[in-house]
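*Asks:* Below is a structure I'd like to ask you about.
The values are calculated or read from the model by the stated rules, or taken from the named source; none is laboratory data. Bear in mind that the values here come from a model prediction, so they are computed numbers and not experimental data. Cβ: placed from backbone, ideal geometry, glycine included. Neighbour counts: every protein chain shown. The area values use the complete protein model at the heavy-atom level, side chains included, leaving out ligands, DNA and RNA. Shrake-Rupley method; radii C 1.70, N 1.55, O 1.52, S 1.80 Å.
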Amino acid sequence: LMDFLESLLLGIIQGITEWLPLSSSGHLALAQNALGETSIAYDVVLHLATVVVACIYLRGDIKSIVLDWLAGVREAFGAADKKAALFGRKERLWGWLILLASVPTAIIGLAIEKYFSGDDFTSLTIVGAGFIVTGVFLAATKLARPAGRQIGAGGALAIGTAQGASVLSSLSRSGLTVGTGIFLGASLEDAARFSFLALIPATLGAALLKIGEIGALASSDLAAMAAGSVAAALVGYACLEAMMRVVRGGRMHWFAPYCVALGVCVLAWSLL
């Protein structure tokens, strides 16, 4: 019963903190430290639940991008101007850019996976420092001036790099990626939607790397895992809508004091 309740609690934490710029990995690390349990595979399962939320929430964008991207690839075979056929429409361009953003994410994620152990992801010192960095970055977004520029190849690589860095606990993925898009001059809406779309292939890739561990976890704790996933998805949907409103209102910096204060408390706790 306790495992079931713990799983439910972790799912709720994931749902709240995945989309709001608070770092779900950091909060899950703190919760798992407090509960005395650590499972990177379970973290990935919860992230998959919130990816389902992204797919449902952004289903219109996903359908348009996939269908138009495929149409562009087909047209390019017989087109005189292949560049226009492949990249001439925003949906086609975004299809390529989301794939491009996945490259630095994968490289950085694999490098971190290689050189950091599981204990590093839940180290209170690393978690506390990450929250402070997140808070400072969120505070800086108040100075950004969105210019409505189209996201290009450089922007996609920058957003993908920010997403890769957020593999480290307590660096907020949504905060870093959306903020990076805004600093690059993208519109608030485009920065948020591109960031959340880029999350989908990144999380699916991480799940593939942990597929064996996820299978073992499912065979031993299926009910608890399902409860946590459902909780993460239901809470996450409401929080994704809330995050879109936060971004549209230019209010990401509102979360900076919380992240900095939490980071300082965690670092102090690590020294006790």
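*Asks:* Which far-off residues, 5 or more places away or on another chain, put their amide H under 5 Å from the one on Arg149, with H placed in the peptide plane?
*Replies:* Excluding prolines and chain starts, which carry no amide H, the hits are Ala186, Ser187.
*Asks:* Sticking with this structure for a sec: Give me the orientation-averaged projected area of the Cα convex hull of the chain, in nm², one decimal.
*Replies:* That works out to 14.6 nm², a quarter of the Cα hull's surface.
*Asks:* Among Gly164, Ala206, Phe87, whose Cα projects farthest towards the positive end of the dipole of the chain, with charges put on the beta-carbon of Lys, Arg (+1) and Asp, Glu (-1)?
*Replies:* Going by the Cα projections, it comes out as Phe87.
*Asks:* How large is ³J(HN,Hα) for each residue in the stretch 167-174, as worked out from phi by the Karplus curve 6.51 cos²θ - 1.76 cosθ + 1.60 (θ = phi - 60°), to whole Hz, x for Gly and Pro?
*Replies:* Listing the rounded values in order: 4, 5, 4, 6, 8, 5, 4, 5 Hz.
*Asks:* Using a 1.4 Å probe on the protein heavy atoms, what percent of the accessible area of the chain belongs to carbon and sulfur?
*Replies:* Carbon-and-sulfur percentage of accessible area, whole number: 70.
*Asks:* At 1.4 Å probe size, with every protein chain present, just tell me what the per residue accessible area of the chain comes to in Å².
*Replies:* Per residue, the chain has an accessible area of 46 Å².
*Asks:* Roughly how far apart, in whole Å, are the Cα centres of the stretch 9-73 and the stretch 135-155?
*Replies:* Spelled out, the Cα-based centre of one part sits 22 Å from the other.
*Asks:* Length gain on complete extension for the stretch Thr125 to Ala111, per 0.36 nm per residue less the alpha carbon to alpha carbon distance?
*Replies:* 3.0 nm
*Asks:* Which whole-number percentage describes the relative contact order of the stretch 156-231, with Cα contacts under 8 Å and a sequence gap of 6 or more?
*Replies:* 20
*Asks:* What spacing in nm lies between the two simple spin-label points modelled at Arg245 and Val136, each 7 Å away from Cα in the Cβ direction?
*Replies:* 3.2
*Asks:* Straight-line reach from Lys90: which lysines have Cα under 24 Å away, leaving out those fewer than 8 places along the same chain?
*Replies:* Cross-link targets: Lys63, Lys82.
*Asks:* Starting at the first residue of the stretch 59-65, write each ³J(HN,Hα) from the Karplus equation 6.51 cos²θ - 1.76 cosθ + 1.60 with θ = phi - 60°, in whole Hz, x for Gly and Pro.
*Replies:* Each residue's phi maps through the Karplus curve to give 4, x, 5, 4, 4, 5, 5 Hz.
*Asks:* Right, next: Determine the relative contact order of the chain: mean sequence separation of Cα pairs under 8 Å and six or more apart, normalised by residue count, in whole percent.
*Replies:* In percent, rounded to a whole number, it is 36.
*Asks:* Give me the extension gain from Asp81 to Ala34: residue separation times 0.36 nm, minus the current Cα-Cα distance, reported in nm with one decimal.
*Replies:* Additional length available on full extension: 11.0 nm.
*Asks:* For Lys114, list the lysines whose Cα falls under 30 Å from its own Cα; do not include residues on the same chain fewer than 8 positions away.
*Replies:* Lys210
*Asks:* Okay, moving on. Run the quick spin-label model on Ile56 and Lys90: label points 7 Å from Cα toward the beta carbon, then report their separation in nm to one decimal.
*Replies:* Each label point is offset 7 Å from its Cα along the Cβ direction, giving 2.6 nm.
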